[in-house]
Ligand SMILES: *Cc1c(COP(=O)(O)O)cnc(C)c1O
């Protein structure tokens with residue numbers, strides 16, 4: 001059955017992805033099933049999205065309930081789900097104001113606009129610059145692409161946003177070298193995801209924060225992939241004790257319902273976007289906000305952060321054992337349930353393909369890293385099963 005669907009899909013869908021030859025049908029917990037009924041253990045979570053696993057009963061019920069009431073009404077009015085979702089994000093982050101978007105990319109766009117507006121209000125001129133990191137990923141729209149440090153993605157679409165300068169991640173001196181009078185923001189992932197799973201060093205993140213405070217530059221931390229409990233902290237920066245001026249969220253915040261957010265700390269909340277400066281038709285509608293509310297509620301009820309710390313440590317231990325055993329595995333990097341294995345001398349795509357044959361879903365990051373971003377509800381037994389299947393795939 002799969003093959004005929006794949007052929008038809010390739011006829012109709014713009015080929016911007018080289019998809020794996022699997023047609024998924026449904027999911028249950030940490031298992032996925034394709035249209036031929038084959039079962040897979042999932043260690044990708046739809047790219048770090050499905051942190052509660054698939055077909056979570058209480059989550060599904062909450063979505064159904066909201067659909068029966070109201071799905072969309074626009075941002076011209078108030079709704080209770082949006083008010084509650086904003087309260088939850090603020091409580092969890094300690095930041096001050098939330099703007100809900102439909103995706104991570106749009107959260108980045110909003111964060112960039114907020115930083116520009118902050119500097120504009122302060123200086124009364126609009127000629128500001130942004131520092132971003134090499135090997136970063138922030139999205140594919142023109143603004144987000146402008147701060148994505150990957151030439152391959154950028155070249156055909158130039159000219160992009162002017163005034164963006166790139167520095168080396170985890171190299172404070174290289175960031176300092178890009179700072180000018182015009183710098184309004186430094187944007188980076190707290191843990192680089194697509195670029196190959198590189199956590200920020202504590203020294204680097206603290207150094208950048210100090211630099212931002214000294215020069216009145218806004219620090220934008222992209223928590224779209226590493227946030228929402230993935231590292232065992234609700235937001236990865238909380239482990240470092242380095243608070244951003246603006247944070248971006250998406251992926252797991254809706255657990256499969258498309259929603260993102262940019263969240264402003266005091267400075268940006270008071271001195272940037274005002275009525276009329278930014279907008280969205282769908283963003284933060286009652287349906288997606290009902291999802292956000294239930295996600296936060298279930299994280300608490302199911303003690304997700306504690307669970308990630310325990311099982312994440314076990315995952316690390318098991319991946320370290322693999323690195324010790326196989327010469328072609330160079331190192332493990334990551335925190336909690338955001339892990340990467342750097343591979344040498346073998347195409348990672350081949351390993352991922354063979355893993356699928358063995359009923360294991362994993363993905364890659366960068367050109368040579370196997371990425372593990374499972375649903376946060378996996379158990380130690382799931383980790384053991386994953387390791388078993390991965391060994392077979394080697
Ligand atoms: C996925 C991702 C984005 C883009 O989010 P979309 O929802 O795909 O638009 C931005 N930044 C990071 C760190 C991501 O992982």
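The values are calculated or read from the model by the stated rules, or taken from the named source; none is laboratory data. Since the structure is predicted, the reported quantities are computational estimates derived from the model, not experimental observations. Cβ: placed from backbone, ideal geometry, glycine included. Neighbour counts: every protein chain shown.
Of note:
- Meeting the requirement of 1 or more residues that are without any contact (Cβ under 8 Å) to a residue 12 or more places away in the chain and either loosely packed, with under 15 Cβ neighbours inside 10 Å or on the phi > 0 side of the Ramachandran plot (or both), the strands (runs of 3 or more DSSP E) wholly within region 323-365 are 329-335.
- Residue match in region 49-67 (condition: in a helix (DSSP H, G or I), within 16 Å of the ligand (Cβ to nearest atom), touching a strand residue (DSSP E or B) at 6+ places or on another chain (Cβ under 9 Å) and closer than 23 Å to residue 355 by Cβ): no
- Restricting region 76-119 to residues that are in a loop (DSSP other than H, G, I, E, B) and within 25 Å of the chain's Cα centre (by Cα), the residue that is nearest to the ligand (Cβ to nearest atom): 103
- Matching option when the condition is within 16 Å of the ligand (Cβ to nearest atom) and in contact with a helix residue (DSSP H, G or I) (Cβ under 6 Å, 6 or more places away or on another chain), among 294, 251: 251
- Counting only residues that are in a loop (DSSP other than H, G, I, E, B) and under 23 Å from the mean Cα position of the chain (by Cα), region 161-176 holds 5 of them.
- Residue within region 146-168 that is within 11 Å of the ligand (Cβ to nearest atom), farther than 28 Å from residue 81 by Cα, touching a strand residue (DSSP E or B) at 6+ places or on another chain (Cβ under 8 Å) and modelled with pLDDT of 95 or more present: yes
- Residue within region 292-306 that is under 19 Å from residue 188 (Cβ atoms) and part of a loop (DSSP other than H, G, I, E, B) present: no
- Restricted to region 120-142, and to residues there that are in a loop (DSSP other than H, G, I, E, B) and over 20 Å from the mean Cα position of the chain (by Cα), the residue that is nearest to the ligand (Cβ to nearest atom) is 128.
- From the list 114, 92, the one residue that fits, being touching a strand residue (DSSP E or B) at 6+ places or on another chain (Cβ under 9 Å) and closer than 30 Å to residue 136 by Cβ, is 114.
- Region 199-232 - residue that is more than 16 Å from the ligand (Cβ to nearest atom) and in a loop (DSSP other than H, G, I, E, B) and, of those, farthest from residue 47 (Cα to Cα): 216
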